[in-house]
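**Q** The following block contains the structure, expressed as structure tokens.
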There are 2 protein chains.
Amino acid sequence: MTNGLASLSPADVRAFIRTNEHKGSTSGLAKGYLQANLLILPADWAADFLLFCQKNPVACPLIGVSEPGNPYIPELGYDIDVSRDVPEYHVFHDGEFSEAVNDLGQHWRDDLVIFALGCSFSFEDALMQAGLKVRNIEQKTNVSMYDTNIACLPAGKFSGNMVVSMRPFTPKDAIRAIQVTSRFPKAHGAPVHFGSPETIGIKDITQPNYGEAVDIYDGEVPVFWACGVTPQNVVRHSKPPFCITHSPGKMLITDLLNNAHAVL
Amino acid sequence: MTNGLASLSPADVRAFIRTNEHKGSTSGLAKGYLQANLLILPADWAADFLLFCQKNPVACPLIGVSEPGNPYIPELGYDIDVSRDVPEYHVFHDGEFSEAVNDLGQHWRDDLVIFALGCSFSFEDALMQAGLKVRNIEQKTNVSMYDTNIACLPAGKFSGNMVVSMRPFTPKDAIRAIQVTSRFPKAHGAPVHFGSPETIGIKDITQPNYGEAVDIYDGEVPVFWACGVTPQNVVRHSKPPFCITHSPGKMLITDLLNNAHAVL
């Protein structure tokens, strides 16, 4: 089914996801369309997170915010219902993960505000169109993601370190990947680091904190992009009383074309 | 005098160079203006080299070609006399270096064709304007240049390997440098490699084949750009009966603004 989902429209992929039968990553689904990370917060924590996004646009490129209590974000897709259209959600209480659920029926509240943030999956299409191989797509795994020692700029009650996604490339391909992804600032843009994982506080590249490990071949270097899982790390650090996120790698698929959000 | 030359007009810098009193690199002189590598060949070798440039635009970004026997290239600068306006020239016979001279008075011939190629010095300005430190400018040395194992595409009588220039950066700054230099395809554009020197056939990074070594600090990686000294390597390999080049690091300064040749 995953191969079929690649060529379906975003609305059709979301309809399938609503059946709760899609268990894997959304990487490569509805090719060409922007995917979004989610952070859902009570309204009294929302203003601080809005400011956090403004201060940390590389990790948290904001593409949509809902009205409090409204699970729809029509500017991202005419029928998007954020409470049902993501394969898996993580629920947090006081910054601690409490459970993973497939829809938000029992968790939805009238005071929740949804923040939708761009996702690096959106530029994977562009990388492949440039002739580059994206290892996590080749190996059909969720992308490797790591906690780092790169501090985000704090805002109000929110602070914490950046989470990054990693894709290995030869230096020549990494240079091309930097050029290609620079065009997509709403999908984290250019990498934040390449090479030595230790420099950004990653002790063991074979043990990602989220997602799955991919092979790094001889002559390749790991290339690190800011990742929309950053808010989940910030939530653990900042401990809002209640919070919902997408499950890492399982995104909201929007009706917006990646290329419509590219610069240049 | 070098500091003063940075703010002089290209014509004034050339006038000073004509006095044969400027002995060093032209890096940083006449800030903002395009500098050119030179290859000067007998007319019967010129068509093959023109094709070589077409096939190898990253190493040999052609910005001007003279009429046979004419040392002026007015499209590069109204008063440019290529036989006098470069601090030092290298003369080759049958591909072998024979001598370094300060002007071409005794060597000029009626059948010579000048090829002017863009130079990475042109983007060093842009790197510094982006807040990056360029080590060879900081250390007041000629940039480090190396022979590589990267084969150019052969054309007619010309073949040989690429020469690269190297500037060290932290990964974060290297990513920015890739973005900045991508805008300057007529000055070699984006790097061709970063990291492991061995991958491109450089055995000892502390021993450049041309120019001078610069310090590489802890946490930095060497970043390699195609270099306009490539034709000199090609000449050694392809052995035209007669040939003149600029001396590595000592360029022709044109009246063209770097930014006028930037894309985007």
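**Q** Test of understanding: in a Gaussian network model of chain A with alpha carbons linked when under 10 Å, which of A:Leu132, A:Leu39, A:Leu29 would top the mean-square fluctuation ranking?
**A** A:Leu132
**Q** Would you mind counting up the charge near A:Ile205? Only other residues with Cβ under 15 Å from its Cβ, with Lys and Arg at +1 and Asp and Glu at -1.
**A** Net of charged neighbours comes to -4.
**Q** With chain B treated as a Gaussian network of Cα nodes joined by springs under 10 Å, which of B:Asp218, B:Asp147, B:Asp12 yields the largest mean-square fluctuation?
**A** Most flexible of the set in this elastic network: B:Asp218.
**Q** Which ordering of B:Arg109, B:Arg176 is given by a fewest-first count of other beta-carbon atoms within 10 Å?
**A** Ordered from fewest to most neighbouring Cβ atoms within 10 Å, B:Arg109, B:Arg176 come out as B:Arg109, B:Arg176.
**Q** How big is the dipole moment of region A:1-127 about its Cα centre under a simple scheme where the beta carbon of each Lys and Arg is +1, that of each Asp and Glu is -1, and everything else is neutral? Debye, nearest 20, please.
**A** Computed about the Cα centre, the dipole is about 380 debye.
**Q** Go through B:Met166, B:Ser247, B:Val65 and say which Cα lies farthest out towards the positive end of the charge dipole of chain B; charges sit on Cβ, +1 for Lys and Arg, -1 for Asp and Glu.
**A** B:Met166
**Q** Structure shown: which of A:Lys140/A:Lys172; A:Lys55/A:Lys239; A:Lys140/A:Lys203; B:Lys55/B:Lys239; B:Lys31/B:Lys157 lie over 29 Å apart, alpha-carbon to alpha-carbon?
**A** From the list (A:Lys140/A:Lys172; A:Lys55/A:Lys239; A:Lys140/A:Lys203; B:Lys55/B:Lys239; B:Lys31/B:Lys157), the Cα-Cα distance tops 29 Å for B:Lys31/B:Lys157.
**Q** While we're here: For the protein assembly as shown, what does -39500 (n - 2.57) per DSSP helix run (n ≥ 4), summed and divided by total residues, give at 222 nm, in deg cm²/dmol to the nearest 500?
**A** Taking each H run of at least 4 residues, the total per residue is -6500 deg cm²/dmol.
**Q** Any aspartates and glutamates with Cα under 13 Å of the A:Lys23 Cα? List them, leaving off those in the same chain fewer than 8 positions away.
**A** A:Asp85, A:Glu88, A:Asp103
**Q** Region A:195-221 to region A:231-264: how many Å between their Cα centroids?
**A** Region A:195-221 and region A:231-264 have Cα centres separated by 22 Å.
**Q** I'd like the isolated cysteines in chain A, meaning no second cysteine's beta-carbon lies under 4.7 angstrom from theirs.
**A** A:Cys119, A:Cys152, A:Cys227, A:Cys243
**Q** What list do you get for A:His93, A:His193, A:His22 if you sort them by fewest beta carbons within 10 Å?
**A** Listed from fewest to most nearby Cβ atoms, that is A:His93, A:His22, A:His193.
**Q** Pick out which of B:Met162, B:Met251, B:Met128 has the largest mean-square fluctuation in a Gaussian network model of chain B, springs linking Cα atoms closer than 10 Å.
**A** Top of the fluctuation ranking is B:Met128.
Read-outs: derived from the displayed coordinates by stated rules, not from any lab. Note that this is a predicted model, so its numbers are computed, not measured. Because the Cβ atoms are built from the backbone with ideal geometry, glycine has one as well, and the counts that use them run over all protein chains shown.
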